[in-house]
Structure formats: C-alpha cells, structure tokens
Amino acid sequence: MDVPPFIGPPLHYHEDREEIFEVLEGRFRFHCAGEEFEVAPGTSVVVPRNTVHGWVNLGPGRARLLGTFVPGGIDEFFPQIGQTPPEGWTDLARQHDTWIVGAPLSV
C-alpha cells in the first residue's frame, strides 16, 4: 500500500482472517486491541482475527505498508473500495469480512 500523509482506514476488524503488516517506508501509528503504538520501517504488526485495528501514516511524506491476510480471499475488496463513495464503504466492507466500528485515527 502506498499511503498518503495523515491517511488511514477506519477502525475495523475481520472475523475470518488475521492481518499482517510490514512497514516498508515511513512512520505509522497503529491501534490494535485498545492500544496505540508507533512503528517504523522493518516493523511487523500481526493483528489476530476479531481484533479492532487501524493505522495512520504520521507523515509528512508518503509511506508504504505490505499487508497480508491469512487466509486470503479478499483481494477484490481493495479496488472496489477505491471506486466507492464513503457512504457505501460499510456495506461493501461487510461483503468482504471487514466490519467498520469507528473513525480513522487522526494525527
């Protein structure tokens, strides 16, 4: 993922899959299971299924994350959400095992 400054997803969880993030470039703040922490390149973050999480690029420049789902199977979600207005995100996300429960993190 190529992430613009000060951007991240709404707080959410996945019922059927873990999510693993590798920080490739930049700095991020993560929220995971009620805790917040900052990470830098070379850091891995493992999010167990049913765990509320989110992240934000702390800026000032673009940053990159590699995200892996275990098991996979929701690849088509990402291009679809990029073409969907925000008011449609909740319904689309539910179709892809993503349950939005809060606003994005702020910087």
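At a glance:
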quantity: Whole-number accessible area per residue in Å² for the chain, which is evaluated in the context of all protein chains at 1.4 Å; calculated: 55 Å²
quantity: Per-pair calculated FRET efficiency, R0 = 22 Å: W99 and T43 via Cβ, rounded to 0.05; calculated: 0.30
quantity: Among 49-59, 68-78, the order from most to least packed when residues are scored by Cβ within 10 Å on average; calculated: 49-59, 68-78
quantity: 5 angstrom amide H check on A63, placed H, neighbours 5+ away; calculated: V3
quantity: Structure-derived mean projected area of the Cα convex hull in nm² - corresponding label in (1) 10.4; (2) 6.1; (3) 7.2; calculated: (2)
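The values are calculated or read from the model by the stated rules, or taken from the named source; none is laboratory data. Here the structure is a predicted model, which means the values were calculated and not measured. For neighbour counting, all protein chains shown are included, and Cβ atoms are generated from backbone atoms with ideal geometry for every residue, glycine included. Ligands, DNA and RNA are excluded from the accessible area calculation, which covers all protein heavy atoms including side chains. Shrake-Rupley method; radii C 1.70, N 1.55, O 1.52, S 1.80 Å.
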